[in-house]
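Taking it in order: structure first as structure tokens, then the write-up.
Bear in mind that the values in this text are calculations on the coordinates, not laboratory data. Every value quoted in this text rests on a predicted model; they were computed, and no experiment measured them. With ideal geometry, Cβ positions are generated from the backbone for all residues, glycine too; neighbour counts draw on all protein chains shown.
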Amino acid sequence: AVGAREGIIAFKAKYVEAIAAVQPLLASNMRIHILKDIYPAGDEVITIWMATGRRVPPAALPKDVGVAVNNVLTLINLARAVDHGTPVTERTLTISGAVSDPITVTVPIGTPLRDVIARAGSITTAKPYFVNGGPMMGKLLDGIDQPVTKTTGGIIVLPEDHIVIRRHRQPMRDVMAIARAVCEQCNLCTELCPRHLIGHELHPALIVRSANYHDIGKPSVLLSALTCSECAICEQWACPVNISPMRINVALKEKFRAEGARYVGDLRPLDPMAEHRLVPTSRLVTRLGIAPYNKKAPLDESETHPAMVVLNLRQHVGAAALPVVQVGDVVQRGQLLAEIPPEALGARIHASISGRVSAVSSQSITVTA
């Protein structure tokens, strides 16, 4: 469909069963590439470099170097759409962390998160907090009385005093105060930054210095914060004194985007130490204090039948979808509920269960079974 001459399926070596299952199915113009078990191998820019040797320039897209990247779930959804005309109505996610029975489940989009988390048994900490996504790049949820969306990642349950939770809850004023008071100018945040290693101008140490002391230097140094992938290596791994260059980058990105600023910069030479400075996943798991939770979360293939789903109208990049149904309408699973606005970037929303539309607003549509 995209005119590619070669297909590459990238696996980490530890996924032995998956590699064995896929190998016999490869077409003549496809190959498997084995990735090192490092973080952030899942960052598409790093995956492209490791699998093809090509480097995506800062502020560019994979297509600019002749590559298209899709993850496993996207490809599954594409196959369902092409082969069966099935829209995206469900999401597969893992519930792990401080739960008695870690589990991987597939649920209708819009299912209450509280119900999904209950599938993992009892919560084993008195004051649980919930992270949507991974321990490095996930976002702290403000509660679990919200629905599963198309972009919900795995849910990690962690105790209140866990380092990952304390990082998330740290006020921005404290982040800046710590950076100003204790930065040693050691430069490790830059030397271990994956984007810096592959030749981007991103220089976390200089950004922290500039933000702390209003030392603008080259304006492009601060603007390079726009190219930060928010992988959190600088925060969770590199810095010996608990500074968070990533949080400073995020604050700068919000400011620059509000101003309509854009980063323009060239790709520099690859750091000769790039392959040796990426972080082993096993070491990172230990550093993050999540080794006790690093357990199997088996796939439970039993169907989920929620009594009600709440379908957010903006689960995607771009404009919110526009409802095409009204309260009282009877809908079937897979039926179109909201359409992309004219001349806008967006995505359609389809019913994830069969039932009756019980509420419609500018933010969501509720369907009751």
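When the Cα positions of Leu73, Val22, Thr281 are compared along the charge dipole of the chain, Thr281 comes out farthest toward the positive end, with charges on each C-beta of Lys, Arg, Asp and Glu. Annotation: average projected area of segment 7-84 is 6.1 square nanometres, based on the convex hull of Cα atoms across all directions. Within straight-line reach of Lys253, meaning a Cα separation under 18 Å, sit the following lysines at least 8 residues removed in sequence or on another chain: Lys139, Lys218.
Among the trypsin sites (Lys or Arg not before Pro) in segment 159-230, none is located in a DSSP loop while being surrounded by at most 14 other Cβ atoms within 10 Å of its own Cβ. The phi torsions of segment 105-120, fed into the Karplus equation with coefficients 6.51, -1.76 and 1.60 and a -60° offset, translate into couplings of 9, 10, 10, x, 4, x, 4, x, 4, 4, 5, 5, 4, 4, 5, 8 Hz, rounded to whole numbers, with Gly and Pro shown as x.
Using a simple spin-label model with pseudo-atoms 7 Å out from Cα toward Cβ, Val2 and Arg262 lie 2.2 nm apart.
Enclosing the Cα atoms of segment 308-368 in their convex hull gives a volume equal to 63 cubic angstrom per residue.
Of all DSSP beta bridges located in the chain, what percent are antiparallel, nearest 5? Walk me through the numbers on the way to the answer.
Numbers: 32 of 43 bridges.
If we restrict to bridges inside the chain, about 75 percent are antiparallel.
Sorting Met136, Met246 by the number of Cβ atoms found within 10 Å of their own Cβ, with the fewest placed first, yields Met136, Met246.
Converting phi to 3J(HN,Hα) with the Karplus coefficients 6.51, -1.76 and 1.60 and the offset θ = phi - 60°, segment 314-322 yields 10, 10, 7, 6, x, 7, 5, 6, 9 Hz in sequence order, with x at every glycine or proline. When each of the peptides 225-233, 260-268, 334-342, 272-280 is scored by the mean number of other C-beta atoms lying within 10 Å of its residues, the order from highest to lowest reads 225-233, 334-342, 272-280, 260-268.
Report, in degrees rounded to the nearest 10, the 0 to 90 angle that the Cα long axis of helix 172-182 makes with the longest principal axis of the chain. The angle comes out near 20 degrees. Considering only Cα-Cα distances, which of the following residue pairs are longer than 28 Å: Lys63/Lys295; Lys12/Lys150; Lys63/Lys296; Lys12/Lys295? Listed pairs above 28 Å: Lys63/Lys295; Lys63/Lys296.
Quick check on segment 1-126: of the DSSP beta bridges with both residues there, what percent are antiparallel, nearest 5%?
Details: 7 of 13 bridges.
So the antiparallel bridges amount to about 55 percent of the total.
Couplings for segment 348-356, taken from phi via the Karplus curve 6.51 cos²θ - 1.76 cosθ + 1.60 with θ = phi - 60°, read 6, 10, 10, 5, 9, 9, 8, x, 10 Hz in order; Gly and Pro are left as x.
Scanning residues 5 or more positions from Tyr129 or on other chains, those with amide H under 5 Å from its amide H are Leu158, Glu160, with H placed 1.01 Å from N in the peptide plane.
Suppose every Lys and Arg Cβ carries +1 and every Asp and Glu Cβ carries -1, with no other charges. What dipole size does segment 7-84 come out with about its Cα centre, to the nearest 20 debye? Show your work: numbers first, answer last.
Working: 8 positive and 6 negative charges, 32 e Å.
Value, rounded to 20: 160 debye.
Think of it as helices only: each DSSP H run of n ≥ 4 in the chain is worth -39500 (n - 2.57), and spread over all residues that comes to -7000 deg cm²/dmol at 222 nm. Partnerless cysteines in the chain, where a partner means another cysteine C-beta under 4.7 angstrom, comprise Cys183, Cys186, Cys193, Cys228, Cys231, Cys239.
Any chance you could check the Cα centroid distance between segment 39-105 and segment 261-298 for me, in angstrom? Going from one Cα centre to the other spans 17 Å.
Considering the chain at the alpha-carbon level, its Rg and Dmax are found to be 22.1, 63 Å.
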